Structures are given as C-alpha cells and as structure tokens.
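Undergrad: One structure follows; several queries about it will come next.
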Amino acid sequence: MSGTFVNEKLTVLYGSQTGNAQDLAERIWRESKRFHFAGTGEEPDNMKQFWKFLLRRSLPADSLKKLNFAVLGLGDSSYVKYNFVAKRLNKRLGQLGAHQLIPIGLGDDQHDLGYDGASDPWIEALWINALNAFPLPQGVSPLDRNQPVVPRWNVTSKLCLEPKSVNKQQSLYYSTRTSKEFFVTIIDNVRVTTDDHFQDVRLIKLKTNGQEYNSGDVVVLRPRNLPSQVAEFQRILLENDVDIPPETIFNLSERSSDFPVPPHLQGPISFQQLCEEYFDLTSIPRRHTFSILAQLTDSEIEKEKCLEFTTAEGQDDLYNYCNRPRRNITEVLEDFRHATKNITKDILFELLQPIKPRDFSIASSCRYHRDEIHILVAVVKYKTKLTKERLGLCSNYLADLKSGDEVSVWLKKGSFKFPLNPEDPAIMVGPGTGVAPFRNFIFQRVNEGVASADNLILFFGCRSRCKDFYCKDEYESLQDEGMLHLICAFSRDQDDKIYVQHKIAENAKEVWRALATRRAHIFVAGNSKNMPQEVRSAFARVCVEEGGLDEEKAEAFLAQMEKTNQYQTETWS
Amino acid sequence: MDNIKSGDKILVLHVDSADLTDLQAELNSKSANTTTSLIGNIEGINEASFDGVIAYKVPEINDFQKVLSSLKPGGFLILTQSSSDSSQTELNLQIGGFVRVAASNAGEYKQFVCFKPTYTAGSSAEVELLKEVLVWKLSQNVDEDIIDADNLLDEEDLKKPAAESLRVCGTTGKRKACKDCSCGLAQELEAETTSAAPPPKSSCGSCYLGDAFRCASCPYLGMPAFKPGEKVKLILNE
C-alpha cells in the first residue's frame, strides 16, 4: 500500500446557500482521497467578485490553459433560469482555455432522486476522466470504494450534574449569532382557511423592534423539531440500547483541519439541544447514509441491503424505499436496528444532517404594518404509503407557535425588484401563498399614497371563495377605495377549473394596455409545477391577440422583458 | 512489471546472479531485450540506451546519476531493496533527478518505481511569466469592461430536461419479491408470462424486517420494522 505517492492537487470550490453544495463538495473531497489526490475544499468568499473577474473582456483566451476543470450545478428545472449560473461558468472557463474533464453536471431538484440523480453519475465520470489525465503510476492503486467513514469530529461527553450550567432556554445558536439576527415575538398565529378546507394556512404576525425591510424581502428563521419527533428519536435510540440522557453535555473537537468545528457547535451543548435544534430528524437519508449504516450494522442481511442502496444499480430501490414515500432518518434507524444499536455519539454527526434555515417572503409592509413582519405559511401535512402522516419540518414548527413565543430571525433580500416609479403598474400573479410578497408591495404603495387600480393589478388564485380566499376583506376594501384591481380565480367553485392563467386571458385588454402603453412589470410567485409556464403562455397569447404580434415576436417580447427584469418569477416547491 | 513492453531494452542491475532466475523468466515472457550487469559495473553502461532499468535486491546505489543517464527520456526504474536499506532511497531518487516516485511494500522488500523526465537537460521551453503576471493582477474595484454573461448561453443551454429523464424506474410500480420469498410472489412473478394459477397465500417470512425487505404484497408495508413474534396491530388503510 503506497503511503507516499501524492497525485495532483484537486481543489473543490463550492458556493452553498442551503448546505447542499457543501455536502457534495465534502463527498467529492472524501472520494478524491481514494485516488490519492491532494484535495482541498474552499468556499470562495466572494462569488460575485470571482465571477466578475472571469467575465473581463481583457482576459486572453489561453489564460487558463493549464487548468483542468469540471462543473456540477445544483438547480431546479421548474425555474426559467435552470442552472444558468453553472452553465455560464462552464462556458466561460472553456472560453479562457481551460480543459473540460467531463461535461457539465446538471443537478435537478425536480428529479426523483433530487441532486443525487445527476451528481452520482457525474462523480463517477469525474474519477474515470481524472485518472485518465493523471494516471496512477505503477504500484499505486486506488483505495477501496467502501472506505470506512471516519466521524469528522471527536466527541467527549459528560452527564450534566448541574442543570443550570447550560441555559435550557438559550438556543444553541445564540452565542454565535451575527449582528443581523434579532428576536421577534409572535403576536398571533391565525388560521386563514376554513376548518373544512383540506389545507391549514396561517397568517403569522411577528412583533419586531422596528427593523426595516423592503418589498420582496425575505425573513429567515431556524425551525426546530417538534417535541413528538424528538421524543420518538430518543425512544428509538433507547430501545436499541443507545443510552444518551438528554442532559448529556457534548464537547466537540476537530479531527482534521479540513473539517473545523463550526462556531455554534464549539461550546458545551446538551444532547437535548442537539435533538431540538441541530439534527434534522425529518431528513430523508441518501446514498451516503447507507454507507455508514452498512459499516455500523452487525447483521449480515442488513449490511447487504445497505450496501445495495449505495450502488448505482440499487438507486431504483433506494428511491422506492426512501424518496418516494418520504421516509426519514428516524424511521430508517427504527428499521435497521442492528445498525442503530452501534451508534456512537460521534457518528451521529455523520448520520444526521443539520437543520437548514428557511426563507419566507414577507407579506407585510414595514411602513404600513409598523413594527411587524407577517408571513403566510401553508402547513405541510400529507400521506404517502407510509402509515404515519408526513409533516413538513418548518411549517409544523411554525404552526405550533403561540402568542408571546420568541423566535430568532434575520432578513435577506428577496429576488423580486419592484418598480420604484409609482407610474409603473405592477401586474402580480400570486395564487395561494404566492401572494405574500404582493401583499407587501400593495401595502407599501398604499402607505405611500400612490396605490390605484391602474398601477396595482393582482391575479389571485385559490380553490374556493369561501374556503381559502385569505385576506379577502383587506383586498376587497382596497378595491372599494379604488386602490387595487383584484381579479380572482376560484378553481373549484364551478364545474370547470378556472385558474389565474384563464383570468389573464379574460382581462387581456387591460393587461395589454398596461404592458404596451405604461411600463408594466409582471411578477409571478407561488408553488411551482405548471403554473409559471401556463401563466407565461397566457401572457404570450395576450401579446398575440391584443397586441397583434405573431407568436415569435410575442415570445421575443417576453424574453426581452425577462432579460430586463420586467418579468420576474419566484417559485418554490 | 506492467511498464515493460515487448521488445523493450531492459537493464537489470543486481548483486547476486542467483536471484535472477524468476526475474529473467518474467522478462523473457515479455520478449524484453535484457542486459544484466552487476551493480558495481555500472560505469561502463552506455548513455540513454535503455527503456527501463530494474535494480533488483541491491543494498545501495552509489550513483543514481549514472542509472538516470543510462535511461532514455521517459524510461522507468524499478528498484527493489530490503526495507532496512531503503530509508533514504526515496529522497535520493528525487534528488537524483527521477520524477513520479512511488513506493510500495513487497514482502520484506521495498519497491520503488520512478521515471526519467521526458525533457532532456539543456532543452528549453518558453515560460510566459510576464504575461501571466499582468493578466492575473487583481485590481480591486476597477470597473473593467466585462462581457455579457447571457451571451454565454446558447439554444441548448436554454432547454429544460425531458420529464421522463427525471423519473426513476421505480415509479412504474414494479412488483418485487423478497430475497427468500415464501409467500409465493416470486413464483407468481415468474409464472406471469405463462399465466399459471396464482399460488396459495402464506405469510411472508420477511415482514418483521421492515419495508426495505418486504415484498410488494406484504400487508405490513408502510409500517416500521418489528421484532419477530411481536404482536403488531395492522392498521387498515382506506
């Protein structure tokens, strides 16, 4: 076994907002060790600056001729600009003379297996081609595929004898919070759909200290696992003789400089805090999780199954077992008890993913709704073939919050840029909770005294006028005062389905007038799937029927609007 | 020994000719053109005349330069030494001018594989140092002329993936039998093509293991794993 050969230096650069890219970067780094690459991973401090530099016209076409590269993008094909960042980067690097090892990988959240659908084959291809470019010399072979997973951090623990030494009320993230974080208090948390409607949607009002925000801005918070989820997780551990009392204090230390302990995990933390705030007990296990379980289990039959789930051929089965029914890590641990019983504290940090912060479009205007932030939350609850109901982590956490509860949040710029000139109409298409950023903008214009039915056109869609037409009273009273033109599509109030796109067609004349004679901006927000595409087609038809453009020109017109940010989309799944 | 190609000129350096029988046989099988020499006689060897040198069980090499010069550019050296003699060897090889040095263990011996560089001493290649310095000078906040990033995308890039490509075959609802199927599903699936009568129902042996092991007709699908013999209430689905 060679201990001294070191292959080329491999640098993994990642830009990660939700932790997905970082997760993949870590995986690539781990696997590169099999081929003796000297790997480092880096998150460029300033992606924008890096990109702007690469775009310089003065860079010669051979600037990067000594560079071998491969790009993997993590995108979502329900977005118009699907993986555009990765595609542009890939092109530009090639233009500058860099040598592309393998074609670009296009991870797609819409794939049944999520990003793994594209990244698994891309990573396989990467190693094959990297080894062609940098072959291992004689006597040096790649390390075995199923390398033992080494926990990234060392964990020591002690039972906390004085419960007061760790402030139970204090969040794990409290002492390392940034200056942009602040506390809000729940004013109220009201269900705005009727009880007989299938979906529970809340309008949650948060009391701030006057923090300012603009239309389109987003509030970010960290959800916690529900008490029932925490109890269930701890029960499953205990049942399998993994006895970690909730008051146990964990102390983490670094094993390698490649994986420093993040600031918020550096102090003493209790197991209870980790279970409530850090470990995502609802995350769906991935391929790598099963490598770890295979390593842990002492049952041959379990080991065989787990290893199967790590192979390319086993991905169909993995999908059927985990992704399709949305089976979470807690449930998998219950199923694979011979692995669970061998869990050690340090391995927990490999098995479980950290809870990611979640974004919500702010539905209030900071001027009109003084000292308040409102959010619209659809509580995610649905059945799959699993007996137990599926619960969305964040929405159910929020649903349980009561008046007086405190939450730590911070603000972020959203993607929407609303028109600054009050003369410019805003045509807003926001079915369901998509309406949130529009309520923000509408009340901002109301507060500025410039709101009118000419410059605020809202297409709102829901199932029924009397079930889920939330904020109805507000909109109708604004409409009565001539401050808003509200057009509703109630999909199930009649035999045939009426959606927002049908209403756009119905109001073609007004829409065209706003587009052609006044600089109207179009905004589309809401739950993805087909809606954005249908809406866009409806606008294209308006251009054809009212504007007399042919189909090609209508398409070019809309494309130009998208390019200049006059047509903006923000959708989520 | 994979470095050796048929017809290669190989120089074998050794201490004791008795060691060589196996090695000689292997070299003959590869149709290598072999010359052997005692390690002490290396002075007389011609320059740049060998595709590879095999230094077999030699305690030390005094003059790596000589070995290097006997190789053609790109040629290899395979050096086998007892582990006790080899502590400084890797360093000496690198200082001696060999590249891509790899060490491995071969029983109580250490084996080193390395190569003579493909460039020869005295050759030159242009190094564009100055140009690179100018290009990569990162001037902060200078509003440089940049290209339009949208022009980087072409027709292909604007395309969305086909819906079928996003699906995993599992959604076609394939029925699958457990490994040690005792409930008859495996037979049923096999018999499907010949349309035999469905076999009698009997309890599946894998139910308690959890969904990952259950067959498609298992009544416990959707429920967690349980201990064999444990009484589990079946929740009737609608």
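Undergrad: Name the lysines eligible as straight-distance cross-link partners of residue A:33: C-alpha to C-alpha under 21 Å, and not fewer than 8 places from it in the same chain.
TA: List returned: A:9.
Undergrad: Okay, next question. Return the loop-located GluC sites (Glu not before Pro) in the range B:12-85 (DSSP other than H, G, I, E, B) with at most 13 other Cβ atoms within 10 Å of their own Cβ; answer none if there are none.
TA: B:47, B:60
Undergrad: In whole angstrom, how long is each semi-axis of the equivalent ellipsoid of the range A:324-377, when you take the square root of 5 times every eigenvalue of its Cα gyration tensor and sort them from largest down?
TA: That gives 42, 14, 7 Å for the three semi-axes.
Undergrad: If I model a spin label at residue B:62 and residue B:159 as a point 7 Å from the Cα along the Cα→Cβ vector, what separation in nanometres do I get?
TA: 7.0 nm
Undergrad: Quick check on my link table: of A:81/A:305; A:467/B:159; A:87/A:497; A:529/A:563; A:402/A:529; A:303/A:385, which ones sit more than 27 Å apart, alpha carbon to alpha carbon?
TA: Violating the 27 Å Cα-Cα cut-off are A:81/A:305; A:467/B:159; A:87/A:497; A:402/A:529.
Undergrad: Non-local amide H neighbours of residue A:266 (under 5 Å, H modeled in plane, Pro and chain starts lacking H): which ones?
TA: Under 5 Å from the amide H of residue A:266: no residue qualifies.
Undergrad: Rank the residues A:115, B:220 as a footprinting-exposure proxy: fewest other Cβ atoms within 10 Å of their Cβ go first.
TA: B:220, A:115
Undergrad: On to the next question. Other chains near A:130-142: what is the mean number of their Cβ atoms within 10 Å of each residue's Cβ?
TA: 3
Undergrad: Using helices alone, what [θ] at 222 nm do you get for chain A, with -39,500 (n - 2.57) per DSSP H run of 4 or more residues, divided over all residues and rounded to the nearest 500?
TA: -9500 deg cm²/dmol
Undergrad: For the range A:442-537, state the average projected area of the convex hull of the C-alpha atoms over all orientations, rounded to one decimal in nm².
TA: 6.8 nm²
Undergrad: Moving on to the next point. Starting at the first residue of the range B:215-223, write each ³J(HN,Hα) from the Karplus equation 6.51 cos²θ - 1.76 cosθ + 1.60 with θ = phi - 60°, in whole Hz, x for Gly and Pro.
TA: Once θ is set to phi - 60°, the couplings for the range B:215-223 become 7, 5, 9, 5, x, 8, 4, x, 10 Hz.
Undergrad: While we're here: For residue B:57, which lysines qualify as cross-link partners when the Cα separation must be under 17 Å and same-chain residues fewer than eight apart are set aside?
TA: In chain and number order, the partners are B:110.
Undergrad: What FRET efficiency comes out for the pair residue A:423/residue A:211, r = Cβ-Cβ distance, R0 = 25 Å, nearest 0.05?
TA: Result of the calculation: an efficiency of 0.25.
Undergrad: Follow-up question, since we're still on this one. Would you mind classifying the range A:312-427 by shape? Square roots of the alpha carbon gyration tensor eigenvalues, ordered a ≥ b ≥ c; an a/c under 1.5 is rounded, otherwise it is prolate if a/b is larger than b/c and oblate if not.
TA: Here the range A:312-427 falls in the prolate category.
Undergrad: Kirkwood Rh, the range B:1-45, all Cα pairs: how many Å?
TA: For the range B:1-45, inverting the mean 1/r across all distinct Cα pairs yields 11.0 Å.
Undergrad: I would also like to ask the following. How much length is gained on full extension from residue A:509 to residue A:368, taking 0.36 nm per residue of separation minus their Cα-Cα distance?
TA: Length gained between residue A:509 and residue A:368: 47.6 nm.
Undergrad: Please give the Cα centre distance for the range A:207-261 versus the range A:410-452, rounded to the nearest Å.
TA: Here the two parts' Cα centres lie 34 Å apart.
Undergrad: With bins 20 Å wide starting at 0, give me the P(r) of the protein assembly as shown over every alpha carbon pair, in whole percents.
TA: Computed distribution, short to long bins: 12, 35, 34, 15, 4, 0.
Undergrad: Determine ³J(HN,Hα), in whole Hz, for all residues of the range A:130-147 in sequence, where each value follows from phi through the Karplus function 6.51 cos²θ - 1.76 cosθ + 1.60 and θ = phi - 60°; x replaces Gly and Pro.
TA: Going residue by residue, I get 5, 6, 5, 6, 10, x, 7, x, 3, x, 10, 10, x, 6, 4, 4, 8, 5 Hz, with x marking Gly and Pro.
Undergrad: If r is the Cβ-Cβ distance from residue B:83 to residue B:21 and R0 is 25 Å, what FRET efficiency results, to the nearest 0.05?
TA: Result of the calculation: an efficiency of 0.65.
Undergrad: Still on this model: Can you tell me which lysines have their Cα less than 18 Å from the Cα of residue A:383? Leave out same-chain residues fewer than eight positions away.
TA: none
Undergrad: Moving on. Please give the average number of partner chain Cβ atoms lying within 10 Å of the Cβ of each residue in B:156-168, rounded to a whole number.
TA: That works out to 6 on average.
Since every read-out is calculated from the coordinates, none of them should be taken as a lab result. The structure displayed is predicted, hence computed values, not measured ones. Because the Cβ atoms are built from the backbone with ideal geometry, glycine has one as well, and the counts that use them run over all protein chains shown.
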